[in-house]
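Enquirer: Provided herewith is a single structure, encoded as C-alpha cells, for subsequent inquiry.
Values quoted throughout were computed directly from the atomic coordinates according to the rules given, and no laboratory measurement underlies them. Source: prediction; values computed, not measured. So basically every Cβ, Gly included, is an ideal-geometry build from the backbone, and we count neighbours across all protein chains shown.
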Amino acid sequence: MGRLEGRVALVTGAARGIGLAAAERLACEGATVVATDVDAEAGRAAADRIGATFLRHDVADEAQWQAVVAAVRERHGALHAVVNNAGIEGDPEAAKDPEHAPLADWNRIFAVNAGGVFLGCKHTIPLLAQSGGGSIVNVASVATLVPTPFITAYGAAKSAVVHLTQSVALHCAQAGHRIRCNSVHPGQVNTPMLQGLFARFAAQAGVSAEAFGENFRQTIPLGAYQEPADIAAAILFLVSDESRYVTGQALAVDGGYALAH
Ligand SMILES: NC(=O)c1ccc[n+]([C@@H]2O[C@H](COP(=O)([O-])OP(=O)(O)OC[C@H]3O[C@@H](n4cnc5c(N)ncnc54)[C@H](O)[C@@H]3O)[C@@H](O)[C@H]2O)c1
C-alpha cells in the first residue's frame, strides 16, 4: 500500500521538470493527483502518462486559483496536499542584476514565484482544513541561501516564499487547521529551466554549455547535479505523515551547495 492512499494532491507547474517528477511520485504512492500548468498541451500529455487529471492554470491569476480549487472540490470532495512548484526565471532577454533589471521583469517574477505561492496557500487552506488537514510544500530555491546578483528578482521572490511559508505554518497551527507548510530548496536540478539558464551563462562567458556545466558541477560539494526525482523524494517526505510534526521548515536539496558558498 502506498504512503498516500486515499489522499488528493494538487501539483502546480506539473507539465515537466520538478513538478512532473513530484506529481508522478505522489501518484506512485497512491495519491489522486491533480496536475496543473500554463502549458496545456504538455501538461495534459504528462498527466495522462502518470494517471493524473490536468487543469490549465496560471498560478499568478487569482480567479484561476478559485476555479481550480472549485474543480478539485467538485471532482474529489477533498484536498490533502498542495505542491506550489510553478516558477519562472523571467524574461531571458532582460538584465537580471540589481542595477539594470527592468521593473516589468521583477514584477512578473514576483507575481509567479511569490504571488503564485501566496495565492496557492490562500485558496487551498479552506479545502485542506475541511478535509481534516494536510500539507503544503512550497518549492523555493538554494537562491534563498546565497546572494544571487545574476538572478536578483528570482532570489528575492524565492526568499519571500521562505517567510510566507513560516507565516502560513504558524497561522494554520494557531487556527487549529492541522495543516503543515514547509519549503523545499533545490540546488541545481537537471531540468529545462536550468538548461536554459546555463546556456545563457555559457554564452555570456564565451564558453561551451558543456564546459560551463562541468566547471559549475565542480562547485557542488557532492559533485553532481540533482535530478527532479531527488526533489520529488523530499516533497514526498514533507507531504507524507512521516513529517507530521515538521512545519515552517526549509529543506535544502542542493548537494551541499549553500554550505560552500
Ligand atoms: N531547476 C533548478 O535547478 C531549480 C533550482 C531551484 C529551484 N527551482 C524551482 O523549482 C520549480 C520547478 O522548476 P523546474 O526546473 O522544474 O522548471 P521548468 O521551467 O522546467 O518547469 C516549470 C513548469 O512550470 C510551468 N509554469 C511556468 N509559469 C507558470 C504559471 N504562471 N502558472 C503555472 N505553471 C507555470 C511551466 O510551464 C513548466 O511546466 C520552480 O519553482 C523553480 O524556480 C528549480
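Enquirer: Take the Cβ-Cβ distance between Gln130 and Ala250 as r, set R0 to 30 Å, and report the resulting FRET efficiency rounded to the nearest 0.05.
Expert: 0.60
Enquirer: While we're on this one: How large is the charge dipole for the chain, taken about the Cα centre, if only the Cβ atoms of Lys, Arg (+1) and Asp, Glu (-1) carry charge, to the nearest 20 debye?
Expert: So the magnitude is around 720 debye.
Enquirer: What distance in nm lies between label points placed 7 Å from Cα along the C-beta direction at Val207 and His100?
Expert: Once both label points are built, they end up 2.0 nm from each other.
Enquirer: If Lys and Arg each add +1 and Asp and Glu each add -1, what is the summed charge of the other residues whose beta carbon sits under 11 Å from the beta carbon of Val189?
Expert: Here the count lands on -3.
Enquirer: Under 8 Å for C-alpha pairs, at least 6 residues apart: give me the relative contact order for the chain, rounded to a whole percent.
Expert: Relative contact order comes out at 19 percent.
Enquirer: Additional query: Just add up the charged neighbours of Ala78: K/R +1, D/E -1, any other residue whose Cβ is under 14 Å from the Cβ of Ala78.
Expert: +2
Enquirer: Which whole DSSP H helices in the chain pass both tests: a Cα extent of 27 Å or more along the axis and a mean Kyte-Doolittle value no lower than 1.0?
Expert: Qualifying helices: none.
Enquirer: I need to check one value: relative contact order of the stretch 81-191, counting alpha carbon pairs closer than 8 Å and at least 6 residues apart, in percent.
Expert: 33
Enquirer: In a shell of Cβ-Cβ distance under 14 Å around Tyr225, excluding Tyr225 itself, what net charge do Lys and Arg (+1) and Asp and Glu (-1) give?
Expert: -4
Enquirer: As an exercise, use a Förster radius of 22 Å and the Cβ-Cβ distance of Asp48 and Arg3 to find the FRET efficiency, rounded to the nearest 0.05.
Expert: So, using R0 = 22 Å, E works out to roughly 0.40.
Enquirer: Could you check which residue among Ala157, Ala63, Ala229 shows the biggest mean-square fluctuation in a GNM of the chain with a 10 Å Cα cutoff?
Expert: Checking each option, the largest mean-square fluctuation is seen for Ala63.
Enquirer: Mind ordering 220-227, 9-16, 40-47 by average Cβ neighbours within 10 Å, highest first?
Expert: Descending mean neighbour count gives 9-16, 40-47, 220-227.
Enquirer: May I ask you to work out the translational diffusion coefficient for the chain at 4 °C, viscosity 1.567 mPa s, via Stokes-Einstein with Rh from the Kirkwood sum over Cα pairs, reported in whole µm²/s?
Expert: Rounded, D is 70 µm²/s.
Enquirer: Further, regarding this structure: Grab the alpha carbons of the stretch 143-261, take their convex hull, and tell me the volume per residue in Å³.
Expert: So the per-residue hull volume is 107 Å³.
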